[in-house]
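Below is one structure; the comments refer to it alone.
The values are calculated or read from the model by the stated rules, or taken from the named source; none is laboratory data. On a predicted model such as this, the values are computed, not experimentally measured, just so you know. With ideal geometry, Cβ positions are generated from the backbone for all residues, glycine too; neighbour counts draw on all protein chains shown. In case anyone asks, the SASA skips ligands and DNA or RNA and just uses the protein heavy atoms, side chains included. Shrake-Rupley method; radii C 1.70, N 1.55, O 1.52, S 1.80 Å.
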Amino acid sequence: MMVQSNDTTDKYWKGVGCGIHRSDVICSIVGYMVDAGESLEYGKNHDGYWNGEMFVKQLQEKIIPTFECLHGPEYQVLFLIDNSQGHSAYAEDVLAVSRMNVNPGGKQACMRNGWFTYNGVQVEQEMVFTLNHPHFPNQPKGLYESKLCGKCIKCNPDSTACCNKHILEVQPDFQQQRSSIQEVIENAGHLCIFLPKFHCELNFIEYFWGKVKKYLQDNCNGTFNTLKTNMPLAMQSVQLSTI
Ligand SMILES: [Zn+2]
């Protein structure tokens, strides 16, 4: 089992709104996984802010390979993932009504195939008209109901068919659309669960961050360089028993 979480450090030096963002992984068997971590200096004149795409890249390039290297190929990880905004990244061809327009044209997503169930069988359905379609080349398809409007100002929560957007949104293929994080983990043969929002006490990485922050505080001289030097030392100082 592995836990991933993000944390920032602007409390430990004098710069306001700048600091180091860490996205790290601890494992219940090996502890802190040095090679799986990712660092980002945020704020003024730095690298910008952490986002879901960066986490997906970290998963593909660092976290999954590090796990497979440490444990061997016959093991499966169960990832516990922090339920934070930074993790809500979706693939470019995601099934999402928010990326569609009511009418053809304009900027819209080129979606992957959807599916529907017919006589108990799952039937794949192309979500985009072919390039040589006479009327709507390369445009998304939907379950268009001409009597209804495209999109309510505020959808009726009790209805499944108040508007065209809602009809499509409640279809099982749209409902079951996974985030990029889940797709990357599951496509690599591993498992993941997302921790509930606002319950950091359920995430055992918080004890790890607690120790890291104590170390940084005890060894702080208010400069960014010291913070950068101490960060890896702080993380490696945490004992497996604490984790
Ligand atoms: Zn609606």
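Of note:
- Within the shell defined by Cβ-Cβ distances under 14 Å, the residues around residue 69 carry a net charge of -3, with Lys and Arg each +1 and Asp and Glu each -1.
- The chain gives an Rg/Rh value of 1.08, both radii derived from C-alpha positions and Rh following Kirkwood.
- Per residue, the stretch 92-177 exposes an accessible area of 70 Å² to a 1.4 Å probe, with every protein chain left in place.
- Taking a Cβ cut-off of under 12 Å around residue 243, the surrounding Lys, Arg, Asp and Glu residues balance to a net charge of -1, with basic ones at +1 and acidic ones at -1.
- Between residue 125 and residue 229, full extension at 0.36 nm per residue minus the direct alpha carbon distance yields a gain of 32.1 nm.
- Local charge for residue 208 was computed over the other residues whose Cβ lies under 15 Å away, with Lys and Arg +1 and Asp and Glu -1, and equals -1.
- The stretch 158-220, accessible surface, carbon-and-sulfur percent (1.4 angstrom probe): 53
- Think of each Lys and Arg Cβ as +1 and each Asp and Glu Cβ as -1; about the Cα centre, that makes the dipole of the stretch 92-177 roughly 340 debye.
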